[in-house]
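Novice: I am attaching a structure below and will ask some questions about it afterwards.
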Amino acid sequence: MSMTYPVVEKFISINGEGTKAGMLAAFIRMKGCNLRCNYCDTSWANVPECPCEQLTASEILSWLKESDVKNVTLTGGEPLLIPDIFSLIEIIGQAGMEVEIETNGSVDLSPFAGLSCRPSFTMDYKCPDSDMESSMLLSNFSVLTEKDTVKFVVSSENDLNKAKEITEHYQLTSKCHIYLSAVFGRIEPKDIVSYMIDHHWNDVYLQLQMHKFIWSPQQRGV
């Protein structure tokens, strides 16, 4: 019997965040997460009763080929917790598509960094206001390369202070891309810009969740 993956939604949209913001991407959202961030905007996908399609890698690949979009984002939930996600990443990569993994920062990236079709990682660092900072796996910083991104989702100046501390301590700007992302409705983007100016914080990017400005912030499948 073929391995299946619990897909709660799949859709084509623009990438709303990160280095490929504004570019078309095919999104595959997996069910389930090991964290419970208090600002999570996809918490509906993390509950046991959330409906999902059980799809084989072949079925997912067929859908991706039909979409004719080269950028593929595996997200969740936490996609790296899914059994045999390795195989799905390899199959998609071997088909000539570029795989991005959106991961929450608590799962060891090193086994995935060794894949023949290495994906790019967009890895969160959960700042203090998320209530999940204690789950962060700091060894992941040693795995990151220029293909990858660390995303600090910030709610407050306290979060910004921690993001700056972590960025400097692990010299992240010399390893990968660094993005600051405002928790929608909790902190004004202009306040993040002011912080960057006041602290002469170079080589980091402010990002706005583009899809939340194009569509309703609550809308799914975009």
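The values are calculated or read from the model by the stated rules, or taken from the named source; none is laboratory data. All figures in this text were calculated on a predicted structure; none of them were measured in a lab. We work out accessible area using only protein heavy atoms, side chains counted, and drop any ligands, DNA or RNA first. Shrake-Rupley method; radii C 1.70, N 1.55, O 1.52, S 1.80 Å.
Novice: Hey, how many Å between the Cα centroid of segment 55-125 and the Cα centroid of segment 159-185?
Specialist: 24 Å
Novice: So, one more: I want to verify the translational diffusion coefficient of segment 73-164 in µm²/s; compute it with Stokes-Einstein, Rh as the Kirkwood radius over Cα pairs, at 37 °C and 0.692 mPa s.
Specialist: Working: Rh = 13.8 Å.
It comes out at roughly 238 µm²/s.
Novice: I need the shape label for segment 112-201. Rule: rounded when a/c is under 1.5, else prolate if a/b > b/c, else oblate, with a, b, c from the alpha carbon gyration tensor. Intermediate values should be presented prior to the final figure.
Specialist: Values: a/c = 2.01, a/b = 1.71, b/c = 1.18.
Note, shape of segment 112-201 comes out prolate.
Novice: Could I ask something else about it? Order 98, 66, 133 by their accessible area, 1.4 angstrom probe, all chains in place, largest first.
Specialist: Largest to smallest exposure gives the sequence 66, 98, 133.
Novice: Could you derive backbone 3J(HN,Hα) for segment 178-187 from the dihedral phi with the Karplus parameters 6.51, -1.76 and 1.60 (θ = phi - 60°), listing whole Hz in sequence and x where the residue is Gly or Pro?
Specialist: Taking θ as phi minus 60°, the curve returns 10, 10, 9, 10, 6, 5, 4, x, 9, 9 Hz for segment 178-187.
Novice: Could you give the length gained by full extension between residue 168 and residue 188, i.e. 0.36 nm per residue of separation minus their alpha carbon distance, to one decimal place? Let's see the in-between values first.
Specialist: Values: separation 20, 0.36 × 20 = 7.20 nm, distance 2.36 nm.
Gain on stretching residue 168 to residue 188: 4.8 nm.
Novice: Taking just the C-alpha trace of the chain, give me its Rg and Dmax in Å.
Specialist: Calculated on Cα positions, Rg and Dmax stand at 16.9, 58 Å.
Novice: Next up: Tell me the relative contact order for segment 93-222 as a rounded percent, counting alpha carbon contacts under 8 Å between residues six or more apart. Walk me through the numbers on the way to the answer.
Specialist: Numbers: 180 pairs, mean separation 24.3, N = 130.
Computed value for segment 93-222: 19 percent relative contact order.
Novice: Calculate, for segment 1-57, the solvent-accessible area per residue in square angstrom, rolling a 1.4 angstrom probe over the heavy atoms of the protein chains. If you can, show how the numbers build up before the last one.
Specialist: Details: 2680 Å² over 57 residues.
Dividing the accessible area of segment 1-57 by its residue count gives 47 Å².
Novice: Quick check: at a probe of 1.4 Å, how many percent of the accessible area of the chain sits on carbon and sulfur atoms?
Specialist: The nonpolar share, carbon plus sulfur, comes to 50 percent.
Novice: Relative contact order for segment 1-138 using alpha-carbon pairs under 8 Å, separation at least 6, rounded to a whole percent? If you can, show how the numbers build up before the last one.
Specialist: Working: 247 pairs, mean separation 31.9, N = 138.
RCO, segment 1-138: 23 percent.
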